[in-house]
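The values are calculated or read from the model by the stated rules, or taken from the named source; none is laboratory data. All figures in this text were calculated on a predicted structure; none of them were measured in a lab. Note that we place each Cβ from the backbone using ideal geometry, even for glycine, and neighbour counts take in every protein chain shown.
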Amino acid sequence: MHTLDQTLASVLADRYTANAARVRELAVPLTNAEFWQKPFPFGNSFGHLVLHLTGNLNYYIGAQIAKTGYVRDRPREFNDPNPPSKDEALKRFDEAVAMVIKTIHAQSSDGWSAEYSGVGTNVAIRLDMIMQCAAHMQHHIGQMIYLGYQSRQR
């Protein structure tokens, strides 16, 4: 029988795995140019959302919980004038998700409720931040669905 800690880790890891698979699935039909294309001057490209999710996970979970030493440059996630290729951006995203899953599985009962702090959030415990990051991914997946649709309409 699984403990609550094991069940929680399994459920959360499965959510991150499913979210990452959905991002990859949506990215597959996009060319490198479509991946970086902004549908509107004020919007984001699919690729910049991938960079943003990667930075979000690497900072809020990597730097703050796993203590990876990651230093975030959030503005660059949205306006990098020389972004990496689609394949490289997705590789970095996959690495961030793998780090999150490893961090999730490393949590103990005390770890889930350990104090949390990070720039730009008022979250008080680790579990809340891990859940918020998963919800944040799903929010941007909704935008990615739209961006993928827009790319295929051109």
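Can you find a residue that is hydrophobic (A, V, I, L, M, F, W, C), in contact with a strand residue (DSSP E or B) (Cβ under 9 Å, 6 or more places away or on another chain) and farther than 21 Å from THR17 by Cβ anywhere in region 76-96?
The answer is no, given that none of the residues of region 76-96 is hydrophobic (A, V, I, L, M, F, W, C), in contact with a strand residue (DSSP E or B) (Cβ under 9 Å, 6 or more places away or on another chain) and farther than 21 Å from THR17 by Cβ.
I'd like to check something: does region 22-44 contain any residue that is within 15 Å of the chain's Cα centre (by Cα) and modelled with pLDDT under 95?
no
Which members of region 103-116 meet the condition of being surrounded by 15 or more Cβ atoms within 10 Å (Cβ to Cβ) and either in contact (Cβ under 8 Å) with a residue 60 or more places away in the chain or not in a helix (DSSP H, G or I) (or both)?
Narrowing region 103-116 to residues surrounded by 15 or more Cβ atoms within 10 Å (Cβ to Cβ): 103-104, 107, 111-112, 116.
Once the filter is applied, which keeps residues that are surrounded by 15 or more Cβ atoms within 10 Å (Cβ to Cβ) and either in contact (Cβ under 8 Å) with a residue 60 or more places away in the chain or not in a helix (DSSP H, G or I) (or both), region 103-116 yields ILE104, GLN107, TRP112, TYR116.
Residues to consider are VAL100, VAL119, VAL123, VAL71; find the one that is assigned to a helix (DSSP H, G or I) and among the β-branched types (Val, Ile, Thr). Write out each step before concluding.
Values: VAL119 fails: assigned to a helix (DSSP H, G or I); VAL123 fails: assigned to a helix (DSSP H, G or I); VAL71 fails: assigned to a helix (DSSP H, G or I).
Criteria check complete, one pass: VAL100.
Please work out which residue is modelled with the lowest pLDDT, limiting yourself to region 50-83 and to residues that are out of contact with any helix residue (DSSP H, G or I) (no Cβ under 7 Å at 6 or more places or on another chain) and either farther than 18 Å from VAL123 by Cβ or loosely packed, with under 15 Cβ neighbours inside 10 Å (or both).
The extreme case among them is PRO81.
Hey, among GLN143, GLN138, GLN107, which residue is within 17 Å of the chain's Cα centre (by Cα) and closer than 29 Å to THR3 by Cα?
Numbers: GLN143 fails: closer than 29 Å to THR3 by Cα; GLN107 fails: within 17 Å of the chain's Cα centre (by Cα).
Answer to the check: GLN138.
Restricting to region 1-42, and then to whatever is in contact with a His (Cβ under 9 Å, 6 or more places away or on another chain), hydrophobic (A, V, I, L, M, F, W, C) and within 24 Å of PRO84 (Cβ to Cβ), can you tell me which residue is surrounded by the fewest Cβ atoms within 10 Å (Cβ to Cβ)?
TRP36
Does any residue of region 49-63 turn out to be part of a helix (DSSP H, G or I), small (Gly, Ala, Ser) and either over 14 Å from LEU90 (Cα atoms) or over 14 Å from the mean Cα position of the chain (by Cα) (or both)?
Yes, because at least one residue in region 49-63 is part of a helix (DSSP H, G or I), small (Gly, Ala, Ser) and either over 14 Å from LEU90 (Cα atoms) or over 14 Å from the mean Cα position of the chain (by Cα) (or both).
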